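What follows is a single structure, written as structure tokens, with notes after it.
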Amino acid sequence: MPPTQIIDPTQIDFDQIVCDVDAIEAINPHRYGMRMLDAIVHIDRTQHIIVGYRDIRDDEFWVPGHMPGHPLLPGVLMCEAAAQIGCFYTKTHGAMFNDLMGLGGIENARFRAPVVPGDRLVLVARGRKIHRRKSEFEVHGYVGSTMVFNADVIGLPIPGQDKVLQHQDVCLNGVGG
């Protein structure tokens, strides 16, 4: 049985983008095929709710091999998207802004329907615990009004922020070691 909805995703105005790709990349270090968020469209700081989406394209790295002739977005990438929306909220909430945040755990994950190229995967997340040492989010994924997955994700600070910043400096400015 699916969990109770955090909020109804059909009531979200997807034309009102709160944070675009550039704003997301300014907070989360994920790039290229591993950035799982295209936009943030709703943030409620009082209830610790964030809504974002990822438009699933037919030119993504996993399409030819998962599954040939019938591409299905891998569940592990849905979980990664869930972790990234939690990371974005945690870092913009001020709990871990200057730290690198990593996926510390996934619990209660359920995959309920396929997600295929052409779909918009909508992520609705509610923070249960937001702290500099650990964050926990309940995340639901939707295509239209259908819940396609749900999971509880745990985010933890991990060492390496200095390497990410150095890499970003090299990529963006052509400087560094």
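A short reminder: the numbers here are calculations on the coordinates, not readings from a lab. A quick note: this is a predicted structure, and the numbers were derived from the prediction, not measured. In this analysis, Cβ positions are derived from the backbone assuming ideal geometry, glycine residues included, and neighbour counts consider all displayed protein chains.
If a spin label sat at a point 7 angstrom from the Cα of residue 20 along the line to its beta carbon, the backbone N atoms of the range 38-67 nearer than 17 Å would be those of 38-42, 53-55. A Cβ-based charge dipole, computed about the Cα centre of the range 6-90 with Lys and Arg at +1 and Asp and Glu at -1, lands at about 320 debye.
Length gained on full extension, residue 158 to residue 62, computed as 0.36 nm times the residue gap minus the Cα-Cα distance: 31.9 nm.
When 1/r is averaged over all different Cα pairs and the result inverted, which Kirkwood radius in Å belongs to the chain?
Values: mean 1/r = 0.0602 Å⁻¹.
Hydrodynamic radius (Kirkwood, Cα only) of the chain equals 16.6 Å.
Potential lengthening of the chain between residue 10 and residue 108 amounts to 32.9 nm, from the contour at 0.36 nm per residue minus the alpha-carbon distance.
For the chain, calculate the relative contact order in percent as a whole number, restricting contacts to Cα pairs under 8 Å that are 6 or more residues apart.
Numbers: 340 pairs, mean separation 39.3, N = 177.
Normalised by residue count, the contact order of the chain is 22 percent.
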